[in-house]
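Take a look at the structure below.
Bear in mind that the values in this text are calculations on the coordinates, not laboratory data. All values reported here derive from a predicted model rather than from experimental measurement. Don't worry about glycine lacking a Cβ; one is built from the backbone with ideal geometry, like all the others, and counts go over all protein chains shown.
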Ligand code: GLA
């Protein structure tokens, strides 16, 4: 043991001895350490106990390394080593004799902790991890050490080595000191609730015991109706839970009812009670009828001479046959409802499309608007790879979501763009300056043809700078080549992200608006030269308001906020805080875009699961609020999850024809906030049929009682005498007077159409 470490270990040993001498009953002791030996750099051998660390520096583990005179380097590793004698007496009086918990400080950003050379725990993912880097600065790091299996030496020296990776900024261990405690009998218990909503709905409750001593106790679960507070069902069970043998119980529930599940486990010996509650997913959207129903806006815009690709979004039993008796020359309609062809002259062409199946028939008067400025008549609906796959996107994953978009019926609601985000680009350009896809996309042309055959459209991603946000090649200097290749592939949508273009502005020291417009105008020039329509979506610029000038670049949409993620904080910031006041910048063909949807299974390719996905962290109420606000503000409706894994609840959120109709409304007037009273916000917009869409949101943390009629009237959204109907859009039901006073749960909403 080195001199320095002896000093550090005196305290707990002395304390135990002192208690013994005083004749006091011994209780399990905690060991606390706040100093270590430290070295920057990385060598896996530094995990081993007998490394000579005598030349290492002493460091305080409660403060980042850069605050103690060590360089603040990015993308860097540092190692901490602690020599520690843990006395046998640490277990005296302890409930559990066979485990210790190492409570580590926090780590900026990822750590791996070794005990005498053996890995005992890790939080986050190192950059070398095949699943990709994952920073976890603020996560709790409690590592359980099994006395028999993990090589702990009692009454002898142990070496605890912690490898820390820092991505940038401050680095290293920080926060509280290292504490080693003996677990109490029920300390190893944990409970998790998983809501399974595909087909039959059930909530799985799993209770785990991390320690060797089995515990027994009573498990109780109750299901309550959240609206009425009435108990729906309950169950009580005696259980014994052994290490490594989690107990799982499935609680079935009705997915059309708003249920709250509360599960409790009381440990018989210690009286410790674990409680978890979960608001279960609830489906408000009524099932579509078996008869044909047109769900899309009755309009599509195309430039003269550009190919038309439009799949009629119609629900109803299949097989279904589409016909049109007055189809304009130049267009074709397949029996399965895919419109194609091209029209050379500008003008509006209206025709009637009929859909028929065994159960009945429906028709829609549809207008094809042909003109140079007709792209994006309604906000685009579809899918983008980023929020689920991030940079791990592949051709196979894209096809899988596209196939599921058809199979699960989302295409029948108008979702038609399949867009690849960053991560498709080859590492170098060809000699002629063109850029191919990388090995993850063996045939981009094949993929696009596959989509077009099905009436779906294809979107791609690039950036005006030398590199994209994800570090792939950007279009700088090759705008023309890129636009031409995309035309050859059949691209219908371009997301053009700002990212590294900031460097060009820095080099030119040009910070005016003109320097923002320049790269976007340049790409627009080449896009519009292509003989096909490419919806032009502009990315966000840090600190610059694209919505102020996006229209001058002929952008069809522009981001109005930073990147979204699947947390309430993000929905609140991106949605409520940053969209208010922006309605004046949105118009037909030029939409505000508060970023892609974060419902379903997402993860940006960084999630903790092996496939990189996790269930969205938004509660069901927050997800209703997300879709309600996004459709109110005429957002691009780009699904961000893996559609192949989409459950019934998420389908209900995305496939409500009355809700989607607000986003796609032909008046094209985005909603704005008309009232903010405490935690209640009201957003509304006028609609093409003279009605008003109103979203009432509770952005606070408690249930709030609201009088919906009073809110509608008080805001002069509509004059009392002028309307007779208030319709609940999610439930697709007109509301009676006695249901207009209601409770809105935290982060929840009501979505109304008033006419
Ligand atoms: C930016 C964008 C995201 C995504 C990534 C890709 O962060 O805002 O939506 O496209 O780049 O690298």
Item to check | Principal-axis tilt of helix 513-529 within the chain, Cα atoms, nearest 10 degrees | outcome: 60 degrees
Checklist outcome for this item: Over the chain, the sum of -39500 (n - 2.57) across DSSP H runs of at least four, divided by residue number and rounded to 500 deg cm²/dmol, gives at 222 nm -4500 deg cm²/dmol
Checklist entry - Relative to the longest principal axis of the chain, what angle (0 to 90°, nearest 10) does the C-alpha long axis of helix 3-21 take? => result 70 degrees
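Could you give the alpha-carbon Rg of the chain over 2.2 N^0.38 Å, rounded to two decimals? All intermediate terms of the calculation are to be shown ahead of the outcome.
Numbers: Rg = 30.0 Å, N = 755, 2.2 N^0.38 = 27.3 Å.
Compared with the compact-globule rule of thumb, the chain sits at 1.10.
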Checklist entry - How far is it, in nm, from the label point at residue 62 to the one at residue 373 when both lie 7 Å from their Cα along the line to the Cβ? => result 6.5 nm
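Under 1.5 on a/c is rounded, so check that first for the range 299-370, then, if it is not, pick prolate when a/b is larger than b/c and oblate when it is not; a ≥ b ≥ c are the square roots of the alpha carbon gyration tensor eigenvalues.
Details: a/c = 2.48, a/b = 2.16, b/c = 1.15.
Because a/c hits 1.5 or more and a/b exceeds b/c, the range 299-370 counts as prolate.
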Item to check | Three-way shape call for the range 381-659 based on the alpha-carbon gyration tensor, with the a/c threshold at 1.5 | outcome: oblate
Item to check | Rounded, prolate or oblate (a/c below 1.5 giving rounded, otherwise prolate when a/b exceeds b/c) for the range 250-359 by Cα gyration tensor | outcome: prolate
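If you average the sequence gap of Cα pairs under 8 Å that are 6 or more apart and divide by the length of the range 186-279, what percent do you get for the contact order? It would help to have the intermediate numbers written out before the result.
Numbers: 215 pairs, mean separation 30.7, N = 94.
Result for the range 186-279 is 33 percent.
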Next on the checklist: Using a Förster radius of 22 Å, what is the FRET efficiency between residue 509 and residue 552 based on their Cβ-Cβ separation? Nearest 0.05, please.
Outcome noted: 0.45
Item to check | 0 to 90° range, to nearest 10: angle between helix 620-632 axis and the chain longest Cα axis | outcome: 30 degrees
